[in-house]
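The values are calculated or read from the model by the stated rules, or taken from the named source; none is laboratory data. Keep in mind that what you see is a predicted model, and the values were worked out from it rather than measured. For neighbour counting, all protein chains shown are included, and Cβ atoms are generated from backbone atoms with ideal geometry for every residue, glycine included. Side chains included, ligands, DNA and RNA excluded: accessible areas come from the protein's heavy atoms. Shrake-Rupley method; radii C 1.70, N 1.55, O 1.52, S 1.80 Å.
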Amino acid sequence: MSEKRSSFSGKLGFVLATAGSAVGLGNIWRFPYLTAKYGGGIFLLVYFVLVITFGFALSCAEILIGRKTGKSAIEAFSTLNKKWSFVGWLAALVPVIILPYYSVIGGWIIKYLVAYSTGGAKAAADSNYFSNYMGQITQPIGWFLLFLALTAVVVLLGVEKGIEKVSKILMPALVILIIFIAIYTICMPGAIEGVKYYLVPDFSQFSATTVLGAMGQLFYSMSLAMGIMITYGSYMKKDVSVSSAVHQVEIFDTGIAFLAGLMVVPAVFAFSGAENINKGAGLMFMTLPKVFDKMPGGAIIGLLFFIMVLFAALTSSISLMETVVSFVCDRTKLNRKLACLLVFLLCIVLGIPSALGNGVTGVWDSVKLLGFSFLDFFDFISNSVLMPIVALLTCIFVGYVIKPKALIEEAELSGKFSGKRLFTIVIRYIAPICIVLILVFSVREALGYTKV
Ligand code: TRP
């Protein structure tokens, strides 16, 4: 194409767009339940350490690869070195796996939104509400299809800008609401034990799986290891400081995840007792309605909450689908409409198993892959296998093939690159060694799982 690549206006534009893709269900739904599952404070600590080391280095690497080449993932890798374009291909596979099950969770959000808007707040607070819903057939599939269709319509009509405008207002409102709910929760009897569980690390809970869980979550939450940041980087102007933009996105993304954890984890202690902390993917849906039920005006607050979360989820799913569609368009010469339809159909085929095999009470839960239900399996394969592999290959590529210096020079086009030593050390040594170790441990564990 001969036309000039459009670019973000300045740093604020870049940070807002990147944060829009980063903040989503990963922060609000996934982070709290993983923290609860992996021992609270210890997971939080490991996650923080990973954000400022791995997260920083990998974000910089991907953005700089994009900015240096001005291309999206596959072309960017092959421009720098023909033999390495396969990393771009692998990265492109990740959103194809994530989008279908992301839409399943998006469907759960719509289900609760509808419940709250039709006077179902009391019913939703019942302990069996979530599991009853998950055990059905038409509902989990129906709400999933609705969420996916909403996403597809936006991508098809190309009205992302409209959604972005609305979410620029709703996202800050969501943050305020989360803070409010968190404060309310913490003040409830019994919640303080949960705050302790969340904030004070218990080192006896530390294990390779904690680190793997935190690493997968980091990739997921910051939209790393799937070529997305390369594309975003390709739209970034050369005079914007990459390191400070990355710091801002990190603070934003991690801050919201932290607050979401503070909203959900102590509530579990207040309502269901510590033994219910390991409820898995449904944790937020089982816990928050109970909080809303106790709150004056809780039915309205709950409704507002689910509306805002829906928008946060949609901005992410739209950007995920956008990625897959433009990939299909580039590779197959199909027009956008057809590509969109194709991706929509593929997501239905891949999503229905996750809607029914949801690991809670799903009718397909008896089918296990590596010991996981369908939903957990797709989550595991993308976050704990494919993304670490893409991240590892990216590190080797930057550290030893094109060399960190090539990207540092690119970063220094906008002045000093603070953190360049950290960047080099993490990319060349720390990240590759840790990722290999963690992968080996976790795959062994997953395989051991099936033998039992
Ligand atoms: N980061 C998003 C979230 O926290 C999920 C996500 C992963 C994503 N990869 C993405 C969103 C790519 C948009 C584009 O929910």
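Give just the number: which of (1) acidic (Asp, Glu); (2) buried (at least 19 other Cβ atoms within 10 Å of the Cβ); (3) without any contact (Cβ under 8 Å) to a residue 12 or more places away in the chain does Asp379 not satisfy?
Just one mismatch for Asp379, condition (3).
Listed residues Tyr102, Tyr133; which is without any contact (Cβ under 8 Å) to a residue 60 or more places away in the chain, on the phi < 0 side of the Ramachandran plot and open to solvent by less than 30 Å² (accessible area, probe 1.4 Å)? Please lay out each step first, then the result.
On the way: Tyr102 fails: without any contact (Cβ under 8 Å) to a residue 60 or more places away in the chain.
None of the other options fit; the residue is Tyr133.
Only one of (1) in a loop (DSSP other than H, G, I, E, B); (2) within 25 Å of Leu224 (Cβ to Cβ) fails for Asn358. Which number is that?
(2)
Just for segment 29-43: of the residues that are assigned to a helix (DSSP H, G or I) and of a type in the set (Gly, Ala, Ser), which one is nearest to the ligand (Cβ to nearest atom)?
Taking segment 29-43 first, the residues assigned to a helix (DSSP H, G or I) are 29-37, 41-43.
Subset that is of a type in the set (Gly, Ala, Ser): 36, 41.
Working: Ala36: 17, Gly41: 22 Å.
So, considering only residues that are assigned to a helix (DSSP H, G or I) and of a type in the set (Gly, Ala, Ser), the one nearest to the ligand (Cβ to nearest atom) is Ala36.
Only residues that are under 21 Å from the mean Cα position of the chain (by Cα) and open to solvent by less than 60 Å² (accessible area, probe 1.4 Å): list them for segment 146-165, please.
Selection gives Phe147, Leu148, Ala149, Thr151, Ala152, Val154, Val155, Glu160, Ile163.
Against the definition (closer than 11 Å to Leu156 by Cβ and either at pLDDT 90 or above or loosely packed, with under 14 Cβ neighbours inside 10 Å (or both)), how does Val324 come out, yes or no? Please lay out each step first, then the result.
Numbers: closer than 11 Å to Leu156 by Cβ: no; either at pLDDT 90 or above or loosely packed, with under 14 Cβ neighbours inside 10 Å (or both): yes.
The answer is no for Val324.
Has segment 252-262 got any residue that is at pLDDT below 95, in a helix (DSSP H, G or I), open to solvent by less than 30 Å² (accessible area, probe 1.4 Å) and not charged (D, E, K, R)?
Among the residues of segment 252-262, not one is at pLDDT below 95, in a helix (DSSP H, G or I), open to solvent by less than 30 Å² (accessible area, probe 1.4 Å) and not charged (D, E, K, R), which makes the answer no.
Yes or no: segment 416-429 includes at least one residue that is among the β-branched types (Val, Ile, Thr), over 30 Å from Tyr133 (Cα atoms) and open to solvent by 30 Å² or more (accessible area, probe 1.4 Å). Talk me through it step by step, then tell me what you get.
If we filter segment 416-429 for residues that are among the β-branched types (Val, Ile, Thr), which is where we start, we get 424-427.
After this cut, where a residue has to be over 30 Å from Tyr133 (Cα atoms) as well, the list is 424-427.
After this cut, where a residue has to be open to solvent by 30 Å² or more (accessible area, probe 1.4 Å) as well, the list is 424-425.
Looking through segment 416-429, at least one residue is among the β-branched types (Val, Ile, Thr), over 30 Å from Tyr133 (Cα atoms) and open to solvent by 30 Å² or more (accessible area, probe 1.4 Å).
Under the condition of being more than 8 Å from the ligand (Cβ to nearest atom) and either open to solvent by 30 Å² or more (accessible area, probe 1.4 Å) or not β-branched (Val, Ile, Thr) (or both), which residue from segment 306-321 is farthest from Pro289 (Cα to Cα)?
Met321
Within the group Ala19, Ala73, Ala61, Ala57, which residue is over 17 Å from the mean Cα position of the chain (by Cα), within 16 Å of the ligand (Cβ to nearest atom) and among the hydrophobic types (A, V, I, L, M, F, W, C)?
Answer to the selection: Ala73.
Of the residues Gly194, Gly216, which is more than 16 Å from the ligand (Cβ to nearest atom) and crowded, with 22+ Cβ neighbours inside 10 Å?
Details: Gly216 fails: more than 16 Å from the ligand (Cβ to nearest atom).
Residue meeting the stated conditions: Gly194.
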